[in-house]
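One structure is given below, encoded as structure tokens.
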Amino acid sequence: MVEHGGKIPGQRGERLPRVRGFAEWPAQGSRKAEGKALRQRVPRAAHAEFEVDGGRPDSVTAVEVSNRSRLPELTPIRVGRMAASPFAFLRGSAGLMAYDLARTPLSGIGAQICGDAHAGNFGLYGDARGGLVIDLNDFDETVHGPWEWDLKRLAASLVLAGREAGASEDACEEAALDAVGAYRRTMRLLAKLPVLDAWNAIADEQLVSHTDARDLLGTLERVAEKARKNTSARFAAKSTEQAVSGDGAEGRRFVDAPPVLRRVPDAEAASVAAALGEYVGTLTEDRLPLLARYAIQDVAFRVVGTGSVGLRSYVVLLLDHRGEPLVLQVKEARPSVLLPHLPVAGFKAPETVHEGHRVVLGQKRMQVVSDFLLGWTTVDGLPFQVRQFRNRKGSVDPAELAADQLDDYGRMTGALLARAHAHSADPRLIAGYCGKNDELDEAMARFASAYADRTEADHALLVRAVKEGRVAAESGV
């Protein structure tokens, strides 16, 4: 509703009506100038700073704490994966890095952040029309927090991935520098566009040219080809078998493939299946006729990626009238590991919410296109997120890239991260702070190298603890 004195608003000399509940709408003033002014308080060069805090937990303690409340029979798999390399250790230690990042300089600008934006958490996935999209694709730790945390984690992960691939130190630092530079330039581009254009900017077919990532083109094409085959149907063909129920009806059921995939007791399967009723209620109504045409066939437990190993995660097999499968993943959602560190950084920790809802909302806030069956539910009192499984997903392994591809990948992921942050933070504000020159790029690249050194030391401590038998680890899983 609007307020006016009977005159037609917008005529010459008349003010446009004021919308109730908004003091100023549209906002007045220059957001770019506000961002630029923040440099006086926190110079861009300050982002190179990193010192280990005296109260910082050692890496072994941090891993043991993060394993609490996880399924104990699976934590050795998680430790084994983290012990495989420093890059793998970083992937599983978002909480430890958040401790460190909370004690680094911050501009004070907040955004919806991924919370775990390492170089391996970008990839391809399918949209509702069968096309492929490339974007951030893991949101277990998403919160409203400092945009710098995501960017610094990305930069440090690129240095570690490059070192693992055998790239020179110059090439590793160049990849980090290019990622930050692409983030800064993309944010400036978004700040100049009309709002609606910026919201949907950088179409995927233009991403390679936008970031000058042509050396990566062949790799992306190979990943896309594999992703198109990575479907529910293919997974079901490999992981299920024909079965006959007690009433004689034919169907399919999962086949045990320990330790990654295992069947669950009937009562546990029934709890998961029943929880899909709550899940359906979190979807928009136009999705309901689609799901109503499927019948639940079976439920199994499936071990998930490095950072999530030990959480409860199920795959649910559904079949349509032709026997064609749809597989849903029902994955436990725990509070973000960033939460304890937000107040240290001057950000308010959010009120307690359903953690599955938090993950889904954060994902939708950051992605241009999200899984159209994304939702959440509760199983035996625990929060879960629900999504399509094997929805034509594919990813680049940054630790396997050649040196001339690593910087291309850095520029591409930096641009994607800027696009994701710009959905919740005004790009003019961040662009004003980041500026035109490469001062921020160089500072964060120096941070990335220093933090990569710290991660290698943390990883060495964990490896030593495993060798000495102080921490159980299972490798090769």
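What follows draws every value from the coordinates through simple rules; no lab data is involved. Bear in mind that the values here come from a model prediction, so they are computed numbers and not experimental data. Because the Cβ atoms are built from the backbone with ideal geometry, glycine has one as well, and the counts that use them run over all protein chains shown.
Jot down the per residue volume, in cubic angstrom and as a whole number, of the convex hull over the alpha-carbon atoms of the stretch 87-241. All intermediate terms of the calculation are to be shown ahead of the outcome.
On the way: hull volume 25.2 nm³, N = 155.
Spelled out: Cα convex hull of the stretch 87-241, divided by residues, is 163 Å³.
Taking the highest mean first, how do the peptides 383-390, 412-419, 254-261 order by number of other beta carbon atoms within 10 angstrom per residue?
On the way: 383-390: 22.8, 412-419: 27.2, 254-261: 14.8.
Peptide ranking by packing, descending: 412-419, 383-390, 254-261.
Normalised by the number of residues in the chain, what is the relative contact order in percent for Cα pairs under 8 Å and 6+ residues apart? Could the numbers behind the result be given before it?
Numbers: 885 pairs, mean separation 149.1, N = 477.
That works out to 31 percent.
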Check your understanding: Got a sec? Charge dipole of the stretch 381-423, +1 on Cβ for Lys and Arg, -1 for Asp and Glu; which of H423, M412, V386 is way out at the positive end?
Key -> V386
Exercise for review: In debye, nearest 20, what is the charge dipole magnitude of the stretch 291-365 about its Cα centre with +1 on Lys and Arg Cβ and -1 on Asp and Glu Cβ, if you could check?
Suggested key: 200 debye
**Study point:** Cα point-scatterer Debye curve for the stretch 228-360, base-10 log of I(q)/I(0) at q = 0.20 Å⁻¹
**Key:** -1.30
Study note, to complete from the structure: Placing +1 on each Lys and Arg Cβ and -1 on each Asp and Glu Cβ in the chain, then taking the dipole about the Cα centre, the residue among P259, L291, T219 whose Cα reaches farthest towards the positive end is L291
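For the stretch 386-475, what D do you get in µm² per second when you plug the Kirkwood radius from alpha-carbon pairs into Stokes-Einstein at 10 °C and 1.306 mPa s?
Estimated diffusion coefficient is 92 µm²/s.
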Practice item. Taking the Cα centre of the chain as origin, work out the dipole magnitude from +1 charges on Lys and Arg Cβ and -1 charges on Asp and Glu Cβ, in debye rounded to 20. Key: 1160 debye
Practice item. For the stretch 156-306, count all C-alpha to C-alpha pairs, find those more than 23 Å apart, and express that count as a whole percent of the total. Key: 65 percent
**Study point:** Between the stretch 299-341 and the stretch 71-123, the alpha-carbon center distance in angstrom
**Key:** 19 Å
Review point. Which percent of Cα-Cα pairs in the stretch 331-434 sits in each 5 Å bin, short to long?
Key: 2, 10, 13, 15, 20, 18, 14, 6, 2, 0
Point to revise | Cβ-placed point charges (K, R +1; D, E -1), dipole of the stretch 70-135 about Cα centre in debye, nearest 20 | key: 140 debye
Practice item. Compare the peptides 394-406, 212-224 by average per-residue count of other Cβ atoms within 10 angstrom and give them in order, highest first. Key: 394-406, 212-224
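222 nm [θ] for the chain, helices only, -39500 (n - 2.57) per DSSP H run of 4+, per residue, to 500? Could you put the intermediate results ahead of the total?
Working: 17 runs with 204 residues, N = 477.
Mean residue ellipticity at 222 nm (helix-derived): -13500 deg cm²/dmol.
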Review point. Residues with amide H under 5 Å of A111's amide H, sequence separation 5 or more or different chain, H placed in the peptide plane at 1.01 Å from N; which?
Key: G145, W147
